[in-house]
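Here is the structure we will look at, set down as structure tokens.
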Amino acid sequence: MQKITPFLWFDNNAEEAMDFYMSLFEDAKVLSIARYGEAGPGKKGSVMTATFTLNGQEVTLLNGGPMFPHSHAFSFYVVVDTQKEIDELWEKLLAGGGKEVQCGWLTDRFGVSWQIVPKAFFALSQDPDTEKAQRVVAAMLKMVKFDIAALEKAHAG
């Protein structure tokens, strides 16, 4: 068991969110599901908590009611290798009502924030040549979804 696990509060669609998130990553599995019984407070048989893994990262979701909506203060940060991975994950996360934000951020249809960031960004933006690094950061700040080719072009000058 992980010592630190993201724990997200949902109104009543935690199971739907879990199924959706698990469909996005090849290495995902359900670890446990606890359902509400007669005592509630949720509808009998509905998910109270669900714990699963995404690429080895445990995540727990709770159906706790509408009191605490998601915010950008919490996001899943996903580092990818290729533009294809960015594009595919971006489109899947936006499906069904997600919203693009800026600088690699988006909000999925459940209101959860995600950052989809290419590994190349780190190498390019941390170049010892500060002019190159600053051009990369300036280019990134104008992006909604990361574009690796544009970052490389900015790096090259």
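Just so you know, in segment 33-47 the residues that are out of contact with any Leu (no Cβ under 8 Å at 6 or more places or on another chain) and crowded, with 16+ Cβ neighbours inside 10 Å include one that is modelled with the highest pLDDT, and it is Y36. Of the numbered criteria (1) free of Cβ contacts under 8 Å to residues at least 40 places away in the same chain; (2) of a type outside the set (S, T, N, Q); (3) loosely packed, with under 15 Cβ neighbours inside 10 Å; (4) closer than 30 Å to D147 by Cα, the one V30 fails is (4). Scan segment 63-97 for residues that are of a type in the set (K, R) and touching a helix residue (DSSP H, G or I) at 6+ places or on another chain (Cβ under 7 Å) and the total you get is 1. Among the residues making up segment 84-96, those that are over 16 Å from D19 (Cβ atoms) and surrounded by fewer than 17 Cβ atoms within 10 Å (Cβ to Cβ) are K84, E85, D87, E88, E91.
As a summary of the residue check, F110 satisfies the conditions (1) under 26 Å from L31 (Cβ atoms); (2) not in a loop (DSSP other than H, G, I, E, B) except for the one numbered (2).
Within the bounds of segment 71-92, is there any residue that is more than 14 Å from the chain's Cα centre (by Cα), modelled with pLDDT of 95 or more, outside the structural domain of N13 (by TED's automatic domain parsing) and in a loop (DSSP other than H, G, I, E, B)? Yes, segment 71-92 has at least one match. Scanning segment 97-110 for residues that are free of Cβ contacts under 8 Å to residues at least 60 places away in the same chain and buried (at least 17 other Cβ atoms within 10 Å of the Cβ) returns G98, G104, W105, L106, T107.
Report yes if A138 is outside the structural domain of N12 (by TED's automatic domain parsing), under 24 Å from D19 (Cα atoms), surrounded by fewer than 14 Cβ atoms within 10 Å (Cβ to Cβ) and of a type in the set (G, A, S), otherwise no. It is false that A138 is outside the structural domain of N12 (by TED's automatic domain parsing), under 24 Å from D19 (Cα atoms), surrounded by fewer than 14 Cβ atoms within 10 Å (Cβ to Cβ) and of a type in the set (G, A, S).
For segment 57-66, the count of residues that are exposed (fewer than 15 other Cβ atoms within 10 Å of the Cβ) and of a type in the set (G, A, S) is at least one. Of all the residues in segment 114-124, those that are out of contact with any Gly (no Cβ under 9 Å at 6 or more places or on another chain) and surrounded by fewer than 19 Cβ atoms within 10 Å (Cβ to Cβ) number 3.
Of G40, G65, G96, G45, which residue is assigned to a loop (DSSP other than H, G, I, E, B), within 16 Å of the chain's Cα centre (by Cα) and farther than 17 Å from E26 by Cβ?
G96
The values are calculated or read from the model by the stated rules, or taken from the named source; none is laboratory data. Every value quoted in this text rests on a predicted model; they were computed, and no experiment measured them. With ideal geometry, Cβ positions are generated from the backbone for all residues, glycine too; neighbour counts draw on all protein chains shown.
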